[in-house]
Amino acid sequence: MRDYSVIPDRDRDDGVMALEFGIRGPGVTLSTLSSTAQTGVPLVLLHPLGSTGAMTWASLAASLRGAGYRVATPDLPGHGSLRDAPFTWEDASTTIRAAAESFAPDKPVLVGHSLGAAAAIYAAQRMPGSFAGLVLSGAGACWKDRYVRCGLTVAAALGALSAAVGRRELLAHAAGIRGANIVTAARAADVAPVQLWRAARRLVRFDVRNTPPPPIPCAVIVLTDDRRMPPGLQRGLVRYLGAPYVDVAGDHDAPVRQADRFFDGVQSALALLGVNDATRLRRPRPVALVGQQRWERR
């Protein structure tokens, strides 16, 4: 049985705080890489609903590449370069596996946000041997909560309508783009209206609470100011996974609007998985702590 007592790891004054839980009992886009980055830990970044890999992850991907990581930012079915592909969890898993295989023989860590987090969980439950770990943000183990379901349904309907009439500024705004950049981003927000709606309908039925969690190391970024996925539901994902987590003071669009802070959160989450620097990934191992267990970095 799991014990969700909190073991503070460190406090920070920049809106990012890392915490650990005790556990009781049991198309792909790649950067142009320098010779140094070619040995870096591989990451696959998975975007939220109604966005694309480039629109959500441009800033974070640049920061991670600058820190020495290798990064892929694939578009999920129904979005961007795959806008004409029907969205299903199975097809999303195929896309994720293709991105992971681009790093072979290395296994990447999946960094998923919102829809991308749900797709990462789904893929890792079925293909755990393909990935080194998961970092999940803006997500819950169950999306059937009335508040989430209503908000997501309305947002998806408006997003699909705006995409259908060619006014995709709403999608860019929802992703966190502001100011003069919103026009440029809207032109690149190539999302199929029908597939956006289909993905939203699948997402509001997403519930893995009665299924085994992925048997690989996981860490969760809890966005404490998130108005789309309440922090309480994000902590429910932490409890479901029995995973360490990082608190980041940010809203659902933090990967875009608070990219620097989110980057710090990703770095902290990767450290909890055993990534001590951008070139080494060490699989955590469980160790006994007064009858409890936690992930220990070697």
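Only the coordinates and a few stated rules stand behind these numbers; no lab work does. Because the structure is a prediction, the values reported are computed rather than measured. Virtual Cβ from ideal backbone geometry, glycine too; neighbours counted across all protein chains shown.
Along the charge dipole of region 37-129, which of T52, V111, P74 sits closest to the positive end, that is, farthest toward it, with unit charges on the beta carbon of Lys, Arg, Asp and Glu (+1, +1, -1, -1)?
Farthest towards the positive pole: V111.
Each label point is 7 Å from the Cα along the Cα-to-Cβ direction; what then is the distance between the points at R227 and N210, in nm?
According to this spin-label approximation, the distance is 3.5 nm.
Between T153 and A104, what is the label-to-label distance in nm when each label sits 7 Å out along the Cα-to-Cβ direction?
Each label point lies 7 Å from its Cα, and together they span 4.3 nm.
Each label point is 7 Å from the Cα along the Cα-to-Cβ direction; what then is the distance between the points at D91 and V194, in nm?
It is 1.0 nm.
Rounded if a/c is under 1.5, else prolate if a/b beats b/c, else oblate: with a ≥ b ≥ c from the C-alpha gyration tensor eigenvalues square-rooted, which is region 63-158? Don't skip to the end; give the middle numbers.
On the way: a/c = 1.75, a/b = 1.62, b/c = 1.08.
It comes out prolate by the Cα gyration axes.
Apply the a/c threshold of 1.5 to the C-alpha gyration tensor of region 56-108 and tell me whether it is rounded, prolate or oblate. Intermediate values should be presented prior to the final figure.
Values: a/c = 3.44, a/b = 1.48, b/c = 2.32.
Oblate, since a/c reaches 1.5 and b/c is not below a/b.
About the Cα centre of region 45-112, what is the dipole size in debye to 20, counting +1 per Lys and Arg Cβ and -1 per Asp and Glu Cβ, all else neutral?
My answer is approximately 260 debye.
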